[in-house]
Every structure is written in C-alpha cells, then in structure tokens.
Amino acid sequence: MNVRFEKLKQVMNGFGYQFWSKAMPKLRRYAKKGMIHPLEEMEDEKEKELILSALKAIEGFVMCSCIAMGMLQMLSLTFSTKINESPVRFLRTKSNPIVSEATVAYYLRKTTFSLFSKTSRLCISRIMKKKQSDPFFDEDLKAS
C-alpha cells in the first residue's frame, strides 16, 4: 500500500467527504451486462448539473486535503527539531530526526488554541474571545 495514500486517508481523513445530491440515482450493485447505467437514463439537465456540482465538491475536498497534507509535510521538514523537543508529545526513543505528518498534526491540535489565546492581536483570537463571552453562544453549546 502506498504510504502517502494511507496518511491521506488516516491522518487527514481526505476521503471523509459526505457530499450528496437527491438528484443522484440509486446505483444498482449487481448490474448485468447490457443494462443501461442509471446516469445514462437521466434526461433532466438541472439534475445533471446538481450531480456535477456534488462531484466537483468531492474533488475539491480531496484536493484541499492533499494541499493540507503537503503543508504538514513542509512543516515536518522545517520544524522537526522544535516538535521533537516540545513536551507536548512524549517519546522514549526518537527513531527519526524528521517527524511524521501524524506527529505534526497532533502537535498542531494540541498547541494551536493555546497560541491563539496568547496573541490577542490576531483577528481570529478576538473572534474566539467574543464567542467565549457571548451568552447566546453558551446556550448553543449547552444545547448540543
């Protein structure tokens, strides 16, 4: 199995899309030779456009996942020593001086929000602070 495909699937959830359209016909699992494919039976142009837009959304999601995977690889090559030295993730023995994409993703998940809380000048930090102090937002959290 290709390692990059496995990382894209497991670390990035690059194929975890759920785009669908009611216009998509139900596909026959056990179609016989000579049977007309359900997509070929469609005549409504609007339904065909809806199916194409769902397909484009799927392709866009996978493409963005591939780009994010490349960014994780670049971060891994650039900041491996900092990630290896951080106390966020404990490893008894470091087998490789360059950390994996999964390690970089784990590091970012653990440190991103604490970095946002330390820098109040960022726009995203102000939005997060406002959401935390907003009583309507607190009610939304309790409902979910």
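Points worth noting:
- Within a straight-line Cα-Cα reach of under 21 Å, residue 129 can be paired with the following lysines, leaving aside sequence neighbours fewer than 8 residues apart in one chain: 110, 118, 142.
- Pairs spanning more than 19 Å between alpha-carbon atoms, out of 22/46; 26/46; 22/48: none are present.
- Farthest toward positive dipole pole in the range 1-57 [+1 Lys/Arg, -1 Asp/Glu at C-beta], among 31, 53, 42: 31
- In straight-distance terms, cross-link reach from residue 131 covers every one of the aspartates and glutamates whose alpha-carbon lies under 15 Å from its own, apart from those fewer than eight places away in the same chain; here that gives 139, 140.
- Packing, as the average of other Cβ atoms within 10 Å across residues, places the peptides 63-72, 121-130 in the order 63-72, 121-130, highest first.
Bear in mind that the values in this text are calculations on the coordinates, not laboratory data. Bear in mind that the values here come from a model prediction, so they are computed numbers and not experimental data. Glycine gets a Cβ as well: all are built from the backbone with ideal geometry, and neighbour counts include every protein chain shown.
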